[in-house]
Amino acid sequence: MLTFDFITLLIYIVHLILQILSIFFVLCVKTMFSVESVRSDFPILSSEVNGKSLIYLDNAATAQKPDCVIQAVNQYYRKENSNIHRGVFYLSEQATTAYESTRDLVADFLSAEKSSEIIFCKGVTEGINLVANGFSRSILKEGDEVLISEMEHHANIVPWQIACGQTGAILKIIPVLEEGSLDMDAYKSLLSEKTKLVAIVHVSNALGTINPVKEMIALAHAQDIPVLVDGAQSAPHMEIDVQDLDCDFFVASGHKLFAPTGVGMLYGKESWLERLPPYQSGGDMIEKVDFGGTTYKGLPGKFEAGTPNISGVIGLRSAIHYLNDLDRFGASTHEQSLLGKATAALNEIDGLRIIGTTRNKASVVSFVFDEIHAHDVGTFLDAGGISVRTGHHCTMPLLKRFKVPATARASFSFYNNESDVNALIEALHKMKVFFG
């Protein structure tokens, strides 16, 4: 009897182990990254340009949209269209639930402590302007300093120029080294009791450089200096944990995260968001209006005046669900593989020079030719159906630092494949022959 019970127990344990392994296998198969599988999710990738199959390599400017996002926006306008927060009827309640549930989803996506720390905005540009406006009105004064870097996007330069111009504060610049990384020694020396904010890009849109923002935040916080992180390029390529970074503000744009244009997110620590005044005023950010005075809503409503981009937020919800179901580690590994392949091949082309050669990069590579202007490069590639960005990439001071007027930039997403890289390299070789 004891032997029988032992055998029965052993069979049960083996059966249980097999069930667990089966479930694990199914989950792995479901989430394992496959580039050809994800390509089928993006309908635009099957289109043609100039009679050639589209090869889209301008993901740093905006990412393509999976079919689920397109369908979510379509569904909203076809069957759910209504304003939010103001109606007690069915459609309004449905739209409000969808909108606010996205806020919870974004908070989880960024690992924020509270969903009320998530402010919806048009994108990174508006998010930075919101913070800059608040600092100029309530924090900065003459002689204070704001610290940014030489590699910032214009959206993280101009708002601070305006804020400093309005208050008499001084804008200080962290220089960039020849390989495209930040001069960290200079950064440490620039931090002082006069510094009231550090605003730094996480990943350079022009170079692909991944900055050591966690270290930079720790150094700033050691002197009680808040930090804003521009995550426009990092959020699409890596998992973000704002609590682990310990940043005070983090901004990201939906359209780079495979969501619609015109929607984005600002994360701010509750203490800082409470301290800053409203950015815009009007409907939906008020608690009570009287000619004798107005009281504002608490967070996050205080910063969301007017009818928002409801369909964009609903599209953002679908995009984040899509990313959450993706093997993001596998996707990132694939992107890095494409970057490595492209970098090695570009370095073999005579007369071509890569701008930004630091080892710690996201999947962005910018380059110039000795004798061919970047715009001519872009035009030639477009004739073959290959989309790359040419110009200054909204980083004019950075390109001035490298003494080039423009670069050609290829930026990869997880839906690009090795054939895309091969086509780019082959086209560049043909272009060299064409231009002699």
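The values are calculated or read from the model by the stated rules, or taken from the named source; none is laboratory data. Owing to the predicted nature of the structure, the values given are computational and were not obtained by experimental measurement. Positions of Cβ are generated from backbone atoms using ideal geometry, with glycine treated the same way; all protein chains shown enter the neighbour counts.
Note on the stretch 394-403: residues that are part of a loop (DSSP other than H, G, I, E, B) and out of contact with any helix residue (DSSP H, G or I) (no Cβ under 8 Å at 6 or more places or on another chain) amount to 2. In the stretch 393-421, the residues that are over 30 Å from Ser34 (Cβ atoms) reach residues that are of a type in the set (Asp, Glu) with C-beta atoms within less than 8 angstrom, at least six apart or across chains, in these pairs: Thr395/Glu152; Pro397/Glu150; Pro397/Glu152; Leu398/Glu150; Leu398/Glu152; Arg401/Glu150.
Within the stretch 261-293, which residues are among the β-branched types (Val, Ile, Thr) and either crowded, with 18+ Cβ neighbours inside 10 Å or touching a residue at least 12 places away in the same chain (Cβ under 8 Å) (or both)? Steps first, please.
Going through the stretch 261-293, the residues among the β-branched types (Val, Ile, Thr) turn out to be 261, 263, 286, 289.
Selection gives Thr261, Val263.
For Arg389, state whether it is under 21 Å from the mean Cα position of the chain (by Cα), closer than 21 Å to Asp230 by Cα and modelled with pLDDT of 95 or more. Step through it out loud before you land on a result.
Values: under 21 Å from the mean Cα position of the chain (by Cα): yes; closer than 21 Å to Asp230 by Cα: yes; modelled with pLDDT of 95 or more: yes.
Answer is yes for this residue.
Of everything in the stretch 197-223, what is in a strand (DSSP E or B) and either touching a helix residue (DSSP H, G or I) at 6+ places or on another chain (Cβ under 7 Å) or of a type in the set (Gly, Ala, Ser) (or both)? Give them in sequence order. Leu197, Val198, Ala199, Ile200, Val201 - these are the residues of the stretch 197-223 that are in a strand (DSSP E or B) and either touching a helix residue (DSSP H, G or I) at 6+ places or on another chain (Cβ under 7 Å) or of a type in the set (Gly, Ala, Ser) (or both).
Would the stretch 422-430 turn up any residue that is in contact with a strand residue (DSSP E or B) (Cβ under 7 Å, 6 or more places away or on another chain) and over 24 Å from Phe258 (Cβ atoms)? Yes, the stretch 422-430 contains a residue that is in contact with a strand residue (DSSP E or B) (Cβ under 7 Å, 6 or more places away or on another chain) and over 24 Å from Phe258 (Cβ atoms). Being over 27 Å from Gly315 (Cα atoms) and among the aliphatic types (A, V, I, L, M) holds for only one residue in Leu147, Leu130, Leu110, and it is Leu147.
Name the residue, out of Ser149, Ser115, Ser82, Ser53, that is of a type in the set (S, T, N, Q) and not assigned by TED's automatic domain parsing to the domain that holds Met238. Give the steps one after another, and end with the answer.
Values: Ser149 fails: not assigned by TED's automatic domain parsing to the domain that holds Met238; Ser115 fails: not assigned by TED's automatic domain parsing to the domain that holds Met238; Ser82 fails: not assigned by TED's automatic domain parsing to the domain that holds Met238.
The unique qualifying residue is Ser53.
Considering only residues of the stretch 334-390 that are assigned to a loop (DSSP other than H, G, I, E, B) and β-branched (Val, Ile, Thr), which is surrounded by the most Cβ atoms within 10 Å (Cβ to Cβ)?
Of all residues in the stretch 334-390, those assigned to a loop (DSSP other than H, G, I, E, B) come to 347-351, 356-360, 362-363, 370-373, 384-385, 388.
Add one more test, that the residue is β-branched (Val, Ile, Thr), and what stays is 349, 357-358, 372, 388.
Values: Ile349: 16, Thr357: 17, Thr358: 18, Ile372: 19, Val388: 25.
Among those residues, the one meeting the criterion is Val388.
For the stretch 405-436, filtering for residues that are at pLDDT 95 or above, over 22 Å from Asn59 (Cβ atoms) and outside any helix (DSSP H, G or I) leaves 1.
Residue under question is Leu273, and the condition is that it be within 26 Å of Ile225 (Cα to Cα) and touching a Leu at 6+ places or on another chain (Cβ under 8 Å); does it hold? So that I can check it myself, show each step before the final result.
Values: within 26 Å of Ile225 (Cα to Cα): yes; touching a Leu at 6+ places or on another chain (Cβ under 8 Å): yes.
The answer is yes for Leu273.
Residues of the stretch 99-152 that are over 13 Å from Leu276 (Cβ atoms), part of a helix (DSSP H, G or I) and either among the polar types (S, T, N, Q) or modelled with pLDDT under 95 (or both): Ser101, Thr102, Ser115, Ser116, Thr125.
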